[in-house]
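Chemist: Take this structure first; my questions come after.
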Amino acid sequence: AQTVTQSQPEMSVQEAETVTLSCTYDTSESDYYLFWYKQPPSRQMILVIRQEAYKQQNATENRFSVNFQKAAKSFSLKISDSQLGDAAMYFCAYRSPGVGDKIIFGKGTRLHILP
Amino acid sequence: GAVVSQHPSRVICKSGTSVKIECRSLDFQATTMFWYRQFPKQSLMLMATSNEGSKATYEQGVEKDKFLINHASLTLSTLTVTSAHPEDSSFYICSASGGLVAKNIQYFGAGTRLSVL
C-alpha cells in the first residue's frame, strides 16, 4: 500500500523568505500523481501544485515549485517570497493513475509566516 | 481550477435527527466524488468514494447505514448522517473529479461543520 510521510509537523518562515516543505512517499507503481494542497484557516482545501510522475521536469506555479526526485521518492514544496497569506496547513498527497482512484494524504505541515 | 460547492457550511442539530450535506460540481461533470471527515488538527480521512449511478464504496470502519451517500447525477452527491449523535460532530469535506477540467485531480468543497447536541 502507498504511504505519504511529512516529517515536519510545523515550520516557520520570515515573510519574503523561502521555505521548503518535505514529503516522501512509498509506492511500487511507476506512474502516479503527486499533489500539494493548502488548507488555510477557512479549511477550504486548495490545490497548490501537481506533478505527474512520468514528467521529469519539476512543476512550478508562480512562487510555488517542487523538487521531484522519483528515485528517492521525494516530493518537496518550495515557497519563494513567502507571504502572510501562505500561512496554512500543507498536505502532500499521492494518487494512483486509475480513474477515480483515491488520494492518500500525508499528516500535513503547518506553516507559520512571521511578519 | 474547477469549482465544487458544498452546502451547508455549518449545521447544528439535535441528537437522533438526520442531516443531509450536498456537494455539487459547478463547472464540470464529476464522475467520481469523495467524502472525507477531518478531526481537529488532523489530516483528511476518506469515508467513501462514489461514482455516478452506482453504490458508494465505503472505507473500512465507516458505517454505510450511518453515512448514506447518493450520487444520482454527474453534478451532485449527497451525504446523509442518519440518527446523528454527538460523536458524529466533525468537519466533513467533499471532493470531485472527472471530465477534462478535473481529470486526475480532486477539487474540494469548502466543508461542512456538523455539531450534534
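Please treat every number below as a calculation from the coordinates, not as lab data. Small disclaimer: the values here were computed from a predicted structure and weren't measured. Counting neighbours? That spans all protein chains shown, and the Cβs are built from the backbone with ideal geometry, glycine included.
Chemist: Exposure proxy check: B:Met33, A:Met45, A:Met89 ranked by fewest other beta carbons within 10 Å?
Modeler: Fewest to most other Cβ atoms nearby, the residues stand as A:Met89, A:Met45, B:Met33.
Chemist: If pairing requires two Cys Cβ atoms under 4.7 Å apart, which cysteines of the protein assembly as shown are left without a partner?
Modeler: Cysteines lacking a close Cβ partner in the protein assembly as shown: B:Cys13.
Chemist: Can I ask one more? Give the distance, in whole Å, between the Cα centre of the range B:82-107 and the Cα centre of the range B:11-51.
Modeler: Between the Cα centre of the range B:82-107 and that of the range B:11-51, the gap is 3 Å.
Chemist: Could you estimate the translational diffusion coefficient of chain A from the Stokes-Einstein equation, with Rh from the Kirkwood formula over C-alpha pairs, at 20 °C and 1.002 mPa s, in whole µm²/s?
Modeler: For the chosen part, D equals 151 µm²/s.
Chemist: So, one more: For a quick check: sort A:Phe75, B:Phe28 by the number of other beta carbons within 10 angstrom, fewest at the front.
Modeler: Least to most surrounded, the residues fall as B:Phe28, A:Phe75.
Chemist: If you don't mind, there's one more thing I want to ask. Using a ≥ b ≥ c from the Cα gyration tensor of chain B (square roots of the eigenvalues), is it rounded, prolate or oblate, where a/c under 1.5 gives rounded and otherwise the larger of a/b and b/c decides, a/b for prolate?
Modeler: Note, shape of chain B comes out prolate.
Chemist: Taking Rh as the Kirkwood radius, which is the inverse of the mean 1/r over Cα pairs, what is the Rg/Rh value for the range B:56-117?
Modeler: That ratio equals 1.00.
Chemist: Most exposed first by the Cβ proxy, i.e. fewest other Cβ within 10 Å, how do B:Val4, A:Val66, B:Val11 rank?
Modeler: Fewest-to-most ranking of B:Val4, A:Val66, B:Val11: B:Val11, A:Val66, B:Val4.
Chemist: Could you please report the charge total around B:Gly98, scoring K, R as +1 and D, E as -1 over all other residues with beta-carbon less than 15 angstrom from its beta-carbon?
Modeler: Result for the neighbourhood of B:Gly98: +1.
Chemist: Quick one: Karplus J couplings for the range B:35-45, per residue in order, coefficients 6.51, -1.76, 1.60, θ = phi - 60°, nearest Hz, x for Gly and Pro?
Modeler: With coefficients 6.51, -1.76 and 1.60, one gets 10, 10, 10, 10, 8, x, 6, 10, 7, 7, 10 Hz.
Chemist: How large is the Kirkwood hydrodynamic radius of the protein assembly as shown, counting all unique pairs of alpha carbons, in Å?
Modeler: 18.3
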